[in-house]
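Enquirer: Got a structure for you, written out below as C-alpha cells; questions coming shortly.
Readers should treat all values here as calculations from the given coordinates under stated rules, not as data from a laboratory. Keep in mind the model is a prediction, meaning the values are calculated, not measured. For neighbour counting, all protein chains shown are included, and Cβ atoms are generated from backbone atoms with ideal geometry for every residue, glycine included.
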Amino acid sequence: MLEYLKMDLWPPYVVGVGIGVLSILAFLLSDRPIGCSAAYARTSGMIEKLFIGTAVSQKAYYRKFKPAVEWEVMLVFGVVIGSFLSATFSGDLRLEIVPPLWLDRFGPDPFQRIASAFFGGALMGLGARWAGGCTSGHGISGTLQLAASSWLAAACFFAGGIAGAILLFGPGV
C-alpha cells in the first residue's frame, strides 16, 4: 500500500475500488452520496451572510442549501489536503501557474491563465448547480444509484470535456 503513495499515477482499478469504498462509507456513515458542488453553494451563502446578515437564510435557495459548514465543505477540504499529500509523497509537488500545455498554445501570460481558470471554474460551478450536481455527485454517486439523469449528465461531462479540449488545444490532444 505504501508504494502507491509514491506513484505519479495510480492504476485505475485501484482508484476505482477506492472510490467505491469511499462511496459505501459515505452512505453508511452519513446516509448521503458523495458530491462537492453544494459546498460552494453553502460557502457563497456564508460569504453573503457576512455582508447582509441573517436575511440570507430567508432566500429560497439557502433554505435548501443552508449557509453552514456541512459535510460537503469538509469533503472539499479533504480533497485539497489529499491532493497536497499525494503530490508531496509522489515528489510531484511544484508551483506551476502556467502549465506547459497552456504555455505552448496560449503563451506565458499568467494573468490570462488565471482569468481563464477563474472564468472556467465559475461556469463549471454554475453548470453543476444548474444540473443539480457535479461530476462527483452525478458521475460517481448518481451513476452507482443507476439514476438516468446522472448517466445523461456523465455522458455530457465527457462530451463537453472532449469538445473543450479540442477547441482549446486542437484535435491532437
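Enquirer: Would you work out the charge dipole size for segment 1-94 about its Cα centre, treating the Cβ of every Lys and Arg as +1 and the Cβ of every Asp and Glu as -1, and quote it to the nearest 20 debye?
Expert: Details: 9 positive and 7 negative charges, 102 e Å.
I would put it at about 480 debye.
Enquirer: Determine the sum of side-chain charges near Arg32: Lys and Arg each +1, Asp and Glu each -1, restricted to other residues whose C-beta is under 11 angstrom from that of Arg32.
Expert: On the way: positive: none; negative: Asp31, Glu70, Glu72.
Net of charged neighbours comes to -3.
Enquirer: May I pose another question? Compute the semi-axes of the equivalent ellipsoid of segment 1-94, taking the square root of 5 times each eigenvalue of the Cα gyration tensor, and list them largest first in whole Å.
Expert: Working: eigenvalues 227, 59, 13 Å².
Rounded to whole Å, the semi-axes are 34, 17, 8.
Enquirer: Below 8 Å between Cα atoms, with a sequence gap of 6+, how large is the relative contact order for segment 1-94 in percent?
Expert: So the answer I get is 34 percent.
Enquirer: Can you give the charge dipole size of the chain about its Cα centre, rounded to the nearest 20 debye, using +1 on the beta carbon of Lys and Arg and -1 on the beta carbon of Asp and Glu? Write out the running numbers ahead of the final one.
Expert: Details: 12 positive and 10 negative charges, 133 e Å.
Computed charge dipole of the chain: roughly 640 debye.
Enquirer: Another question, if that's okay. Which GluC sites (Glu not before Pro) does segment 24-97 hold that lie in a coil by DSSP with at most 14 other beta carbons within 10 Å?
Expert: Working: sites: Glu48, Glu70, Glu72, Glu96; in loops: Glu70, Glu96.
Those that pass, being in a loop and sparsely packed, are Glu96.
Enquirer: Taking 7 Å along the Cα-to-C-beta vector as the label spot, tell me the Lys49-Gln145 distance in nanometres, rounded to one decimal.
Expert: 2.5 nm
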